[in-house]
Every structure is written in C-alpha cells, then in structure tokens.
Amino acid sequence: MDSIIELQRQNHEELERFERGLSTLLSRNQLTHETRLQTEHKASQIIDRIQSRVLTLNSLYQDEDARKSELDALSAPAQANDLSEFYSRLVKIQEHHAKYPDSVPGGFDLELAALLDEPDQEEEDYEEEDPISLLFSGEEAYGKYVDLYAHHTAYSNLKNIGKRPGYLQYLDLLLGAQLGPVHRDLPKETRFSKDFETYIQNIHTYLLSFAKRTQPLVDIQTQQQEVEVEFNKNWEAQEISGWEESQPKANGNGSAGIWCAPCQKHYSKQTVYDAHLSSKKHIKAAAKQDASGAPPPNLNGTPTPTTAPTITKSSASARIRNSAKLTHLVTALIVTLTSTINDTKSNVERRFSLTAREREQELLDQAKPPPPPPAASNGPEEEEEEEERIYNPLKLPLGWDGKPIPYWLYKLHGLGVEYRCEICSDHVYMGRKNFDRHFQESRHAFGMRALGLPNTKHFHEITRIEDALSLAEKLKQEGRHEIFEQETMEELEDDDGNVYNRKTYEDLKKQGLI
C-alpha cells in the first residue's frame, strides 16, 4: 500500500494531466456534427474522472491522523543501520508483484491515450464501431433530430383534444412552449386525466435522455432541479394558472357526488348512478356483498365509507400536481431543444418532398464514411496555386474542373438573370435553364402540393401563387377535370380492343356488358 503522501502526489499529477488532455481535446477543430459530439462525450468522461480525483484528494486531506503519522515517519531522526522501514516497504512491493505478475505499468497513460485518441486514426485494419452512434436511433440521425412519433401517437389518442394534429402540427404545438407552458390550450378534463399524466411522463423521460445524450457538457439535471424548486414554490403560493381543481357540485343531501359501496366507485351525477344500478357489474358486486354479510349499499347516494372519497380526492390531487410539475419540466426542456425541434421540422418537410428513390440514395450517402480532412499545404507553391484557383472577382459559377467558367459562356446562358418563384418560397434561380428545370424538381412540387394543386404541364411557367390558384379555378370551371379527377386520365381496353376510361370501364364491367 502506497503512503498517503504518494497517493496525494499521484492524484495531483493525474489531475494536471487530465486538465491538459481536456484542453487538447477541446482545442481541436470540429468539422462535422459527429466529431463534435464525440469530442463532447470524451470531454464529459474526462470531467467525470477529474471529479472523482478531486473527491479522493479531499478525503485524503481530511485524514489528518494518517498524514500526521506519515509525516512523523519521514521526519524521524535517522539511526545508524536502521533499515527496517525500508525493508518492510520493499516486502510489500514484492508481495504486490508476486500477487499480480501480469499487471501492466502505465495504466493511466493507456486510459488517457484512449480518451485523446483521434477518431480518424487508422492504426488497425478493421473499422471499430462508434459507441456514440449506438445511443441514437436511425430517426435521430446521430442527435441531429428528435424522434417524437410515438409521443405524437399517444397525444393523438388523448380524449377531448379536438382535431387530431399531424406530425408537423404536433411539433408546432411543442414549439409553443416558448410562449408558455406546453399544452396549455388543452381542456382541464384532458390535462387532469391519467392518460395525460402517462403521456407527459413519457415525453419528459425521452427529452431528458435526449438532452443528456446530445449535450453531455451541460448539467441538465441541475437545471431540472431548479425548475422543480421554482414550481414547488409557485404551487404552494397558488400562482400556477390553469391547474386549479374544480369543486364538485353538492347534491341535495349535502354530499359531493354519489358513492357506490359495492363497486367502491364515486359518481358525480344522479343519472349516471341510476344507470349504474341496473348494470351487471353492480348487481354482481351487490350479490357478493350480501353473501359476505357486509351492510347493503345506500341507494340514496350517502357514502357509507367516509375514507374512500377522501382517498380518491387525494390521489386525484397528487396526479394533478404531478402532471403540472412534469408539464413545467417538459417546457424547460423544449426551450433548451428549440433549435433541434426546428431542425426536425425542416427535415420532415424536406423528406415529404422526396421520392422513394431519392430517400434510398440519401440513406446510401449517409452510410458512406465521411471524407478525410484536407491535407495542409507543404510549401508556398501549393498556396499560390490554391489562391489562383479560387480567384473569382466576377463571382462566376464554377465549372467541372473547379475553375470559373468563361464570361462569354456566362452571358450566353443568361446566368446573370434572376428568376424568382413565389411558389418555391421566393427562391431565386439564376439562368433560364435552371428556371425551366426547377418546375420538375422537389422544391416546386412540394410548394404545389402545399397549395393543393397538381404539378402538371398546365401550371408550367406559373410562379405566383395567386396566378396558380386562379388558373386552377378557371380550368375547373371550363370542365377540364383531368387535373382533378385521376380516374378519367387512365384508359383501359376490353377483350374486343375497345378503349374506355377507367370510370366507364368499371361501370360497364359492373353491368356485365364487358
């Protein structure tokens, strides 16, 4: 066993080396989102090790008795031919190496080298699996986006929420947390239900886990504790609006609601209680109570057990308080992840406009390894060539060789002329060729789909929203239903070679004429 002085020295050395390693790690240039996240997770691991070393040092410094005995042994007056202490420590060292003959010296160096290892180093032939990528699902794309499809389904299954929102509308509802508590527009009967408590608990668990995975250097737990302390203070002061419990209306006999003793349930209305008395469940429960010798239920609605309504009311109050607390915690997390949710919304909109082939190609591109970083220039000749290559005072487009195209070609194709398309969110296209090509691209198709119009040849050259809507109305009034009725655009042929459109063919087939 090492002396306490040696343990302190060793911990101080490891602390200093960890701090230097942390500085080296954070000073690296992060080119991609993946490398930045990997660096932050490694930095978080180094910080955890620094904290553990600090706690160890604190306990060692508080052990005054051990420090005093060690200092006394070191400062004792030397005696001639007294090597007993030396040999006793030598025996301990020999026993340690005899017990652990295969121990590798320099374990700390290996640990620090693993944390500071460059992700692009290719020291081995096989490709090592990235442990950070295992923390995220495919929809989360290495922490770039959130995956809230399951929570959107749970929200859509809540009662009394009105029209079921789509996924994009659901993300907009969550982004409304920047202006106040999330889901504040829901009615009280929905927010006070057990299903809402389960839903808000699940989304809080997910967002908290996602924030910890994507922001390892941020103390999310402390922020949540501060929000919880503030909520408890405001709840005790009754300053939380929208979560006030509604008092039940009293019946004529002065009791709040009606208690059914055989079924152990509480009913707020007399009509519901009367309908319950004729149900099979109540009759079976009443017969079971009579067979056990318990007192018969009071049909006038007076609650025989006085503790059951109190327990029910207390459990409901606890559920309401828990739902309100989780709502405020989720609101704080959404405010922290606002940029990620906005990126998720943009990604969902972009994916809606892609075809199946484009989505497959995107997945293949994502599976490819990232390109290696550009090598640094080794001499003044390479710098001169690079400056000559990127010199472009007229801002001309680059050709296939990476150099600006000739100016006469630029003028010939009219690349200096701007064409603005309002349907494409006022996107500007340079040159007539690019402008004509964009009518069949995904951006224009998504804009037409958002207007509820088909992207057919009738709307070619139409760039203003007002013109597109007026043209669609004109075509509809003139009776050109082929842009609205797909069934008249497909032609079918019978066995005799007669050609009909789909609607006529199906009508004749139903009548048995073909």
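The values are calculated or read from the model by the stated rules, or taken from the named source; none is laboratory data. Just so it is clear, the model here is predicted, and its values are computed rather than measured. When we count neighbours, we look across all protein chains shown, and the Cβ atoms used for this are built from the backbone with ideal geometry, even at glycine. Quick note on the areas: whole protein, heavy atoms, side chains included, nothing else; ligands and nucleic acids left out. Shrake-Rupley method; radii C 1.70, N 1.55, O 1.52, S 1.80 Å.
At-a-glance table
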{"item": "Built amide H within the under 5 Å cut-off of Lys265, gap 5+", "result": "Cys260"}
{"item": "Those lysines that a straight Cα-Cα span of less than 27 Å connects to Lys68, excepting residues fewer than 8 apart in one chain", "result": "Lys92"}
{"item": "Two-site FRET efficiency, Gln225 against Ser69, from Cβ-Cβ distance with R₀ of 35 Å, rounded to 0.05", "result": "0.25"}
{"item": "Packing rank of 397-407, 83-93, where each peptide gets the mean count of other beta carbons within 10 Å, highest leading", "result": "397-407, 83-93"}
{"item": "Separation of the Asn232 and Arg89 label points, Cα + 7 Å toward Cβ, nm", "result": "5.0"}
{"item": "³J(HN,Hα) computed for each position of the range 418-426 - Karplus, 6.51 cos²θ - 1.76 cosθ + 1.60, integer Hz, glycine/proline x", "result": "9, 10, 9, 10, 6, 5, 8, 6, 6"}
{"item": "Entries in Lys411/Lys433; Lys233/Lys325; Lys159/Lys325; Lys345/Lys395 that, when Cα-Cα distance is taken, lie over 23 Å", "result": "Lys345/Lys395"}
{"item": "Residues Thr32 and Leu57, FRET efficiency given R0 of 51 Å [Cβ-Cβ distance, rounded to 0.05]", "result": "0.85"}
{"item": "Packing-based order for 220-230, 202-212, using average beta carbon neighbours within 10 Å, highest first", "result": "202-212, 220-230"}
{"item": "Reach of Lys265 by Cα under 20 Å, taken over lysines that are not fewer than 8 positions away in the same chain", "result": "Lys194, Lys249, Lys280, Lys281, Lys284, Lys288, Lys313"}
{"item": "Whole-Hz couplings from phi, Karplus 6.51/-1.76/1.60, listed for the range 154-162; x for Gly and Pro", "result": "5, 5, 5, 8, 5, 8, 6, 9, x"}
{"item": "Difference of contour (0.36 nm per residue) and Cα-Cα distance, Glu473 to Ile47", "result": "146.9 nm"}
{"item": "The range 438-445 - phi-based ³J(HN,Hα) in whole Hz, Karplus 6.51/-1.76/1.60, Gly and Pro as x", "result": "6, 5, 9, 8, 5, 5, 5, 5"}
{"item": "Carbon/sulfur fraction of accessible area - the range 1-53, other protein chains in place, 1.4 Å, %", "result": "49"}
{"item": "Residues with amide H under 5 Å from that of Leu492, placed H, sequence gap 5 or more", "result": "Tyr500, Asn501, Arg502"}
{"item": "Partner lysines for Lys42 [C-alpha distance under 19 Å; skip if fewer than 8 residues away on the same chain]", "result": "Lys144, Lys212"}
{"item": "Length added when fully stretched, Asp436-Val272, from 0.36 nm per residue minus Cα-Cα", "result": "52.3 nm"}
